[in-house]
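One structure is given here, and the rest of the page talks about it.
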Ligand SMILES: Cc1cc2nc3c(=O)[nH]c(=O)nc-3n(C[C@H](O)[C@H](O)[C@H](O)COP(=O)(O)OP(=O)(O)OC[C@H]3O[C@@H](n4cnc5c(N)ncnc54)[C@H](O)[C@@H]3O)c2cc1C
């Protein structure tokens, strides 16, 4: 009888198209393990922990209640488990994030001392980070050429779930309990992810190029939490896409996720530091007044309806529409002159789909310190964006009941309405035109030095 092998689940919480699981099960019986790592729990808020907790319950049920969950430092937990079941090998999907890489090296070296092999296979991406290079052999810092070479690189077809003989009877803690104060979460698990993907691709992908920018419509896939936890792999989505240009737009969004993972892999420090070093010198505010301004942004009480609607959507659902993520991020950086890292941290606490690479580089793209290829410094006009992308105010009405009665024209700028601003909704906390000039002046200063 071969000795059991451990499959260490991390961000690949699925049974289909899981090459690490398939390779582990090809060796014989498999013990399914999830490690509740305090380092990763720290920055996660209740929404993401709640989604994880429910997903682990789902996975446990799928594998006949044989998932072993233990809390602790991964090397300690795995060393002990390998001893307990006399495992000779641990398999896991490779992790390309800064902490994951350090942890996996440490685990690999530590287990080797106990004669246990570690195999890190595959990745959470269709094309693993560190695979796409220019003709000169350098990684890309802008998206468009990356996308072209990424498509040429190609990816494997998805594989089916293996027939696994799960090891049973090993003691664990069970999935972590649901945090007390948690919002309504979307359905979890592999079937829920696939159902959502199939519905989106059958009914909405053809409208995606335009609808994806309209937060008042259900124009996007809503797949980000499932991609975050690996309930679905991007390969599975890509295999379902055809050649239509609308489908190519969706393909390119999946590639943005892969691009940011690649950028973070090449420059791990950019999780918190500017990719464009000079932009770290731009002056930001951080005193007591700045903290008060931040608080108004966090609570969705800035007096700019589209910004407040976005922040309230985030607080209520753990998700925010991409167009609105860009608007609220621009407002924090360029109207309030606060460090992008403050906003990024707040997003990571509240987002169900919170992902270090997409989040830090989504923020840096907006802040102008990241991968934006635009030759000019973008400053989003929140009111202009609102009129353009939420013309009928549908999205604002959904999240700001105080102004839901206003006309389509007035709702974007309640303070300018003839009848006077509505009671109960704050006046704009800043003058956008003035703050735009201030942002540009701060940029000029670092250009001159
Ligand atoms: C400031 C800021 C912070 C962000 N933080 C995160 C984050 O923490 N986690 C996260 O998954 N996404 C983040 N994004 C990207 C994007 O907003 C979300 O992926 C998207 O809104 C998820 O909704 P969806 O699944 O319906 O997207 P869809 O439009 O249906 O796109 C399909 C998938 O493509 C990927 N994708 C789409 N747009 C982007 C993008 N701009 N960058 C990277 N990947 C993309 C996502 O995996 C998404 O699920 C951020 C964007 C900004 C501007």
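Rule-based calculations on the coordinates, nothing more; no lab input. Given the structure is predicted, the values throughout are model-derived calculations rather than measurements. Positions of Cβ are backbone-derived with ideal geometry, glycine not excepted, and every protein chain shown enters the neighbour counts.
Computed over Cα pairs, the Kirkwood radius of the range 198-242 leads via Stokes-Einstein (1.306 mPa s, 10 °C) to a diffusion coefficient of 141 µm² per second.
Mind ranking 339-346, 295-302 by how tightly packed they are, going by the mean number of other C-beta atoms within 10 angstrom, highest first?
Working: 339-346: 20.5, 295-302: 18.1.
Descending packing order for the listed peptides: 339-346, 295-302.
So what does log10 I(q)/I(0) come out to for the chain at q = 0.10 Å⁻¹, using the Debye formula with one equal point on every Cα and no solvent? Values, matching the q order: -0.77.
Taking the centroid of alpha carbons for each part, the range 375-407 and the range 43-115 are 43 Å apart. Exposure proxy for 366, 69: other Cβ atoms within 10 Å of each Cβ, ordered fewest to most, give 69, 366.
For a footprinting-style exposure proxy, rank 229, 150, 319 by other Cβ within 10 Å, fewest first. Please report the intermediate quantities before stating the final value.
Details: 229 27, 150 24, 319 19.
If I rank by nearby Cβ atoms, fewest first, I get 319, 150, 229.
Helix 245-266 axis versus longest C-alpha principal axis of the chain: approximately 70°, rounded to the nearest ten. Semi-axes of the equivalent ellipsoid for the range 119-273, computed as √(5λ) from the eigenvalues of its C-alpha gyration tensor and ordered from largest down, come to 28, 23, 18 Å. Relative to the longest principal axis of the chain, what angle (0 to 90°, nearest 10) does the C-alpha long axis of helix 305-317 take? Approximately 30 degrees, to the nearest 10. Taking the longest Cα principal axis of the chain as reference, the axis of helix 190-203 is set at about 50 degrees.
At the listed q of 0.12, 0.14, 0.20 Å⁻¹, the Debye profile of the range 7-119, built from one uniform point per Cα, gives log10 I(q)/I(0) equal to -0.41, -0.56, -1.21.
Counted over the range 204-275 with a bin width of 5 Å, the fraction of Cα pairs per bin, in whole percents, is 3, 14, 21, 21, 18, 12, 8, 2.
Using the Kirkwood radius over C-alpha pairs as Rh, can you work out the diffusion coefficient of the range 277-448 via Stokes-Einstein at 20 °C, viscosity 1.002 mPa s, in µm² per second? Don't skip to the answer; put the middle values down first.
Details: Rh = 16.4 Å.
In µm²/s, the coefficient rounds to 131.
Sort 7, 254, 306 by Cβ crowding within 10 Å, fewest neighbours at the top. Don't jump to the answer; show the numbers that get you there.
Working: 7 26, 254 20, 306 29.
Starting with the residue having the fewest Cβ neighbours, the order is 254, 7, 306.
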